[in-house]
Amino acid sequence: NPFGVAVSHTIFNVFTTFLLLPFANQLEKLAKFVIGDAEEKEKYSFIDERLLNTPSIAIYECNEVTQKMASIAKDIMEKAIVLLDHYDDGMAEYIWKEENTLDLYEDKLGTFLVQLSGKELSDSDSRQISKMLHSIGDFERIGDHAASVAKAAKEMRDKKAKFSEHAMQELETLKNAVSEILQMTMQAYTEDN
């Protein structure tokens with residue numbers, strides 16, 4: 001009867017759940033392996049070969065990603081500078097993770113922009129692509145420098161090294177200059193100025 005089917009189905013589901021519960025982490029890894037990481041796919045969703053047929057839309061999308069790269073580069077450089085005064089393992093890990101993100105963006109976006117540059121483009125679109133190709137390399141390099149600063153800060157912490165008072169004053173001047181340059185760079189890029 002229907003009641004017996006419902007009860008047996010419920011018992012089966014509860015039993016299976018208890019049986020598979022200890023393997024939850026392995027099942028999650030298997031699902032990610034089979035399906036793929038949705039977050040990674042979302043990161044590169046702008047790279048769609050069909051956009052190559054509409055260069056102006058592709059350029060707009062690539063510019064949005066380039067601005068995101070600029071924002072990430074600025075963020076991790078500012079955080080890396082803070083590590084020189086107050087080292088934090090979590091912050092350093094974040095910086096290194098985001099630096100890898102910048103590397104991946106540069107690789108994927110650079111490849112896409114080169115493909116796009118092979119299409120028939122207006123002079124304005126060609127200049128925009130050229131500007132983005134130069135900029136993504138620069139933003140990725142800023143990320144590399146942020147990772148280097150974080151590594152140096154970790155090394156200083158591990159060796160219990162400190163800057164002299166005079167060096168701290170000079171470093172403060174340098175930190176302020178770098179922050180100002182980063183802000184101006186972001187503003188110049190996003191406002192196309």
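Every number here is computed from the coordinates shown, using simple stated rules; none is lab data. Keep in mind that what you see is a predicted model, and the values were worked out from it rather than measured. Every residue, glycine as well, gets a Cβ built from its backbone with ideal geometry; the counts of neighbours run over all protein chains shown.
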**Request:** First check a/c for the stretch 122-180, with a ≥ b ≥ c the square roots of the eigenvalues of its C-alpha gyration tensor; if it is under 1.5, answer rounded, and if not, answer prolate when a/b is larger than b/c or oblate otherwise.
**Result:** oblate
**Message:** Please identify the DSSP H helices in the chain that span no less than 18 Å along the helix axis (Cα) and have a mean Kyte-Doolittle hydropathy of 0.5 or more.
**Reply:** 2-20
**Request:** Return the whole-Å distance between the Cα centroid of the stretch 50-118 and the Cα centroid of the stretch 150-193.
**Result:** 20 Å
**Fill in**
Matching label for the computed Rg/Rh (Cα atoms, Kirkwood Rh), out of (i) 1.08; (ii) 0.94; (iii) 1.19, is (iii)
**Rounded if a/c under 1.5, otherwise prolate or oblate - the stretch 90-193, Cα gyration tensor axes** = oblate
**Complete:** Too long for a 21 Å Cα-Cα cut-off, among 79/162; 68/108; 97/159, are 97/159
**Request:** Arrange the peptides 166-176, 13-23, 58-68 so that the one whose residues have, on average, the most other Cβ atoms within 10 Å appears first.
**Result:** 58-68, 166-176, 13-23
**Prompt:** How high is the FRET efficiency between residue 30 and residue 6 when r is their beta carbon distance and R₀ equals 25 Å, given to the nearest 0.05?
**Reply:** 0.25
